[in-house]
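Working notes for the structure below.
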There are 2 protein chains.
Amino acid sequence: MLHAVAKVERTRLSAADWEQAALDLIAKQGVGAVAVEALARQLGVTKGSFYWHFPNREALLKAALERWEKQDTDQVLGQVEPIADPRARLCELFRRTGREAKSHAIYSALLRALDHPIVQPVMARVSARRLDFLTLAYRQVGMSRSVAAHRARLAYAAYVGFLQLALQLGMPRLEHAELEAYVEHVIDTLIPA
Amino acid sequence: MLHAVAKVERTRLSAADWEQAALDLIAKQGVGAVAVEALARQLGVTKGSFYWHFPNREALLKAALERWEKQDTDQVLGQVEPIADPRARLCELFRRTGREAKSHAIYSALLRALDHPIVQPVMARVSARRLDFLTLAYRQVGMSRSVAAHRARLAYAAYVGFLQLALQLGMPRLEHAELEAYVEHVIDTLIPA
DNA sequence: CCGGCACCATACTCGGCCGTATGGAAAACG
DNA sequence: CGTTTTCCATACGGCCGAGTATGGTGCCGG
């Protein structure tokens, strides 16, 4: 009963199907778990299929991460970017990440694979974009250039650490009420009144 | 020129030597890189030596982590615990971690292996202790129980995220001056005036 | 209806790393 | 000084996962 996850829809596969399956696996079991034969079983096919679409395992990883980077860039940040007031924009960003923490599983998994030569540059770009986003918002609420940069770093580090502790460790079982209270505390602390 | 790191001191080895070598390797290349044959090469011996001291690879990991947990518990926190004033204690803790960030390489590596069944309980204990330490200090500066708990969580998450970004990613090349300015900003933000 | 292309199965090889078996050298010991 | 214990080398068996080779099946244009 371990296999046959989605053996319905027995149509032919495309490269995109493999990439998406790889991303799903990354979210659940990390980058190291992306094995060709395991993916093939999950998709109801064999390795023979894989090596028609991709030359090797690294090519799949590269393609999957490219796909993720695209659909992630305008995912989280794009949702809150239209908010004009920078303070409200930050608040909304924090609340969303707290509420939909589980959807950051891929980001968290990639964070734990920063030593991988393929993952590293992708995460460097994504992190830089998010840091820039935060820095801009903090500047718009009146902070100086250096203070805004530091506060953005702090907020981003808190986000990264929160993901690690909440998703990997159980983070002393925080229920919804407790979590929301925590998020509000973060907002009070990291967003100037 | 990749091997023969410390082939001097050609005396017999003890289990402790293997544990220490494992910790060094964890710090540099992560938990996944702890392979017995690789360690043997680094120590200038062969596998035959290893399997005399340990029954298998997991036993080494377990012993190494026990050793680390012991020498870590009274390492960072023990140094600043005697400081009576809670505010000064927190400041000193933050400054030390910022200054000696590189010595947290093992902690950072273990953080990236939280899925490993042997690593997980160790990190759960260590994290709980550190969180308790922070929570107590925040309570002593006058915070309520819940606020102190939340602030401790935030500070600890910021610490965890900082390690990931600074050690794994290059964290946009922060030099000493920039880093100290960042630490001071963190102190101003996370420690109540 | 047929040749060709897209997609997939099957059956291998190969290298890496774990663990085992066994013999040898070096120290410790009586 | 011989024996026992401790530590290590060498050699081997086996698993697992990547990658290759090759043949098979459905679909599609002509």
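The values are calculated or read from the model by the stated rules, or taken from the named source; none is laboratory data. Owing to the predicted nature of the structure, the values given are computational and were not obtained by experimental measurement. Using ideal geometry, Cβ is built from the backbone for each residue, glycine included, and neighbour counts are taken over all protein chains shown.
Some values worked out for this structure:
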{"read-out": "Some residue of the range B:31-45 being within 14 Å of chain A (Cβ to nearest Cβ), surrounded by 19 or more Cβ atoms within 10 Å (Cβ to Cβ) and either within 13 Å of DNA strand D (Cβ to nearest atom) or closer than 30 Å to B:Leu154 by Cα (or both)", "value": "yes"}
{"read-out": "Residues being more than 8 Å from every other protein chain (Cβ to nearest Cβ) and surrounded by fewer than 16 Cβ atoms within 10 Å (Cβ to Cβ) - total across the range A:142-151", "value": "3"}
{"read-out": "Yes/no for B:Tyr182 being more than 14 Å from the chain's Cα centre (by Cα), among the hydroxyl-bearing types (Ser, Thr, Tyr) and at the interface with chain A (Cβ under 7 Å from one of its Cβ atoms)", "value": "yes"}
{"read-out": "Residues located in the range A:33-72, provided they are in contact (Cβ under 8 Å) with a residue 40 or more places away in the chain, within 12 Å of DNA strand C (Cβ to nearest atom) and in contact with a helix residue (DSSP H, G or I) (Cβ under 9 Å, 6 or more places away or on another chain)", "value": "A:His53"}
{"read-out": "Matching residues, the range A:12-30, being assigned to a loop (DSSP other than H, G, I, E, B) and either within 14 Å of DNA strand C (Cβ to nearest atom) or more than 14 Å from every other protein chain (Cβ to nearest Cβ) (or both)", "value": "A:Arg12, A:Leu13, A:Ser14"}
{"read-out": "Scan of the range B:46-86 for residues that are buried (at least 17 other Cβ atoms within 10 Å of the Cβ), in contact with an Asp or Glu (Cβ under 6 Å, 6 or more places away or on another chain) and under 20 Å from B:Val122 (Cβ atoms), ordered by number", "value": "B:Ala63, B:Ala64"}
{"read-out": "Pairs, first more than 7 Å from chain A (Cβ to nearest Cβ) and without any contact (Cβ under 8 Å) to a residue 24 or more places away in the chain in the range B:152-166, second aliphatic (A, V, I, L, M) and in a helix (DSSP H, G or I), C-beta under 9 Å, six or more apart", "value": "B:Ala152/B:Leu131; B:Ala152/B:Leu134; B:Ala152/B:Leu136; B:Ala152/B:Ala137"}
{"read-out": "Some residue of the range B:169-179 being farther than 21 Å from B:Leu23 by Cα and in contact (Cβ under 8 Å) with a residue 60 or more places away in the chain", "value": "yes"}
{"read-out": "Whichever residue in the range B:107-134 is surrounded by fewer than 19 Cβ atoms within 10 Å (Cβ to Cβ) and among the charged types (D, E, K, R) and, among such residues, is nearest to the other protein chains (Cβ to nearest Cβ)", "value": "B:Asp115"}
{"read-out": "Test set (1) modelled with pLDDT of 95 or more; (2) over 27 Å from A:Ile26 (Cβ atoms); (3) more than 19 Å from the chain's Cα centre (by Cα) - A:Ala177 fails condition number", "value": "(1)"}
